[in-house]
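The values are calculated or read from the model by the stated rules, or taken from the named source; none is laboratory data. Since the structure is predicted, the reported quantities are computational estimates derived from the model, not experimental observations. Here the Cβ positions follow ideal geometry from the backbone for every residue, glycine too, while neighbour counts run over all protein chains shown. Remember, those area values only see protein heavy atoms, side chains included, never the ligands or the DNA or RNA. Shrake-Rupley method; radii C 1.70, N 1.55, O 1.52, S 1.80 Å.
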Amino acid sequence: MREHAPPSGRLFADDFAVSGPADATRLQANAPLTGVGALHGGAIAAFALLAARRGCCGDQPAQIPSAASFHINFLRAGRGDRFNAQTTSARQVKELNFFDLSIRDAGDHVVASAHTTLSARCTDLRAADPWTTPRCDGAEYEAAGRALPFLRDRGLSVPGVDVGLLEMSFAPVARNLDADGAVHEAAMLTLIDAAGSTIPYTVRRPKSHGATLSLSAHFTGHRPASTVHARARIRDHSAQYFWSEIDLVDSKATHCGSATLLYRFADEN
């Protein structure tokens with residue numbers, strides 16, 4: 001009988017079966033494939049954050065910690081449907097918990113390495129920076145995102161795009177929510193990866209697909225269920241590499257977090 005995910009949030013119910021001790025979380029992906037045959041980068045990042053939370057607080061924390069910082073490097077494509085997260089507690093001081101994680105596939109190959117700082121405290125709220133939704137229709141990018149198994153049924157929309165600019169949103173559907181009803185930070189990581197891996201295609205259309213190489217993010221704490229908007233812009237790029245900045249904003253225009261992401265096309269032309 002397949003083990004079910006522990007009650008640490010509804011986000012993974014349709015995607016993952018999570019089990020194992022807190023320092024060696026095991027994952028079985030129920031819908032592992034993207035359009036190019038590997039576990040979605042957002043799913044790998046989400047798994048890393050969930051594993052860190054389990055290492056910090058177990059499956060039923062009295063208070064859900066927030067990722068004051070999160071960084072992940074993607075070393076290779078996540079092939080197959082079984083993965084392991086080796087979680088090491090680097091230090092605990094005051095309200096902060098520091099974790100190093102190694103995500104490995106069934107063959108024990110390292111798929112990704114992550115580092116995160118979890119905190120029980122929220123930062124002060126502030127209004128988001130001014131932003132104008134890009135003027136061009138995002139229907140093509142929205143359809144492409146919704147076609148990926150890990151992004152389905154998340155209320156994904158792309159209100160607008162332009163060259164080097166993109167706005168992408170997740171609705172507050174059950175698949176994106178945490179056990180306390182807030183938007184799950186792992187869902188926000190998924191949104192960051194989805195936006196950051198889409199925006200390069202507003203600049204050029206390569207002959208082959210690309211991949212996220214690294215992602216760094218921070219969140220301002222657990223926020224009530226709300227539509228979350230990823231406001232992405234390319235800050236620099238070559239023909240092959242794209243550096244993006246992404247701000248997360250809720251439906252009340254409150255800043256929820258920020259991220260940077262590096263994406264690489266497989267070809268240079």
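Here the chain has 51 percent of its accessible surface on carbon and sulfur atoms, given a 1.4 Å probe and all protein chains in place. When E142, E268, E245 are compared by accessible area of protein heavy atoms, the largest-first order is E268, E245, E142, using a 1.4 Å probe. What residue among A46, A211, A187 has the largest mean-square fluctuation in a Gaussian network model of the chain, using Cα springs under 10 Å? Largest GNM mean-square fluctuation: A211.
Please state the relative contact order of segment 40-115 as a whole percent: Cα pairs under 8 Å, 6+ residues apart?
Details: 110 pairs, mean separation 24.5, N = 76.
Taking the mean separation of contacting Cα pairs over the length of segment 40-115, I get 32 percent.
For segment 199-269, chymotrypsin sites (Phe, Trp or Tyr not before Pro) are listed when DSSP marks them as loop and at most 14 other Cβ atoms sit within 10 Å of their Cβ; the list is empty.
The order of T88, T254, T190 by accessible area, most exposed first and with a 1.4 Å probe, is T88, T254, T190.
How high is the relative contact order of segment 89-202, given as a whole-number percent (alpha carbon pairs under 8 Å, six or more residues apart)? Spell out each step's value before the answer.
Values: 144 pairs, mean separation 17.7, N = 114.
It rounds to 16 percent for segment 89-202.
Between A143 and H209, the contour length at 0.36 nm per residue exceeds the alpha carbon distance by 22.1 nm. The convex hull defined by the C-alpha atoms of segment 170-244 has an orientation-averaged projected area of 5.7 nm².
Pairs of Cα atoms under 8 Å, at least six residues apart: use those to get the relative contact order of the chain, whole percent. Provide the component values of the computation, followed by the final result.
Working: 675 pairs, mean separation 50.0, N = 269.
Relative contact order for the chain comes out at 19 percent.
Between segment 199-231 and segment 83-162, what is the C-alpha centre distance in whole Å? Value for the Cα centre distance between the two parts: 8 Å.
Between A128 and N73, full extension at 0.36 nm per residue minus the direct alpha carbon distance yields a gain of 17.1 nm. Rolling a 1.4 Å probe over the heavy atoms of the protein chains gives segment 127-269 an accessible area of 41 Å² per residue. Accessible area ranking (1.4 Å probe, heavy atoms, ligands and nucleic acids excluded), largest first, for S169, S258: S258, S169. Each 5 Å bin from zero holds the following percent of Cα-Cα pairs in segment 177-221: 5, 17, 24, 19, 14, 10, 7, 4, 1. Counting 0.36 nm for each residue step from D267 to D23 and taking away their Cα separation leaves a gain of 84.0 nm.
How large is log10 of I(q)/I(0) for segment 101-199 at q = 0.12, 0.20, 0.22 Å⁻¹ when the intensity is taken from the Debye formula with one equal scatterer per alpha-carbon? Values, matching the q order: -0.54, -1.17, -1.23. A helix-only calculation puts the chain at -4500 deg cm²/dmol for mean residue ellipticity at 222 nm, using -39500 (n - 2.57) for each DSSP H run of at least four residues, averaged over all residues. In the distance distribution for the chain, Cα-Cα pairs more than 26 Å apart total 36 percent.
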